[in-house]
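What follows is a set of notes on a single structure, which appears directly below.
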Amino acid sequence: MILNLAVFFAWHTFWPKATDSVPFAEPFDAFAVVVAIAAFVALFRYKVDIMKVIGACALIGLAYTLVK
């Protein structure tokens, strides 16, 4: 159940214009993939606290949105 939810949110994050009829519609959000990989590495390789990772990802996303 949790894996289904993770895949659902990843799909809609990495392909924001995806639909059931066109599941991998352009554009692909490579920045979101980079942030997700960095968060995964921070959590599992370096054992960083989950709240710190969420906060850092939120700040990175906010900065990216403001600069973009």
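Some points to look at:
- Helical mean residue ellipticity (222 nm; -39500 (n - 2.57) per DSSP H run of 4+; nearest 500) of the chain: -22000 deg cm²/dmol
- Taking every protein chain into account, the 1.4 Å probe leaves TYR46 with about 150 Å² of accessible area, to the nearest ten.
- Relative contact order, whole percent, for the chain stands at 17, derived from Cα pairs under 8 Å and 6 or more residues apart.
- Accessible area of the chain divided out per residue, in Å², using a probe of 1.4 angstrom: 82 Å²
- Gyration tensor verdict on the stretch 29-68 (Cα atoms; rounded if a/c is under 1.5, prolate if a/b is larger than b/c, oblate otherwise): oblate
- Largest-first ellipsoid semi-axes for the chain, taking √(5λ) over the Cα gyration tensor eigenvalues, angstrom: 23, 17, 9
The values are calculated or read from the model by the stated rules, or taken from the named source; none is laboratory data. Source: prediction; values computed, not measured. Ligands, DNA and RNA are stripped out before the accessible areas are found, and what is left, the full protein with its side chains, is counted by its heavy atoms. Shrake-Rupley method; radii C 1.70, N 1.55, O 1.52, S 1.80 Å.
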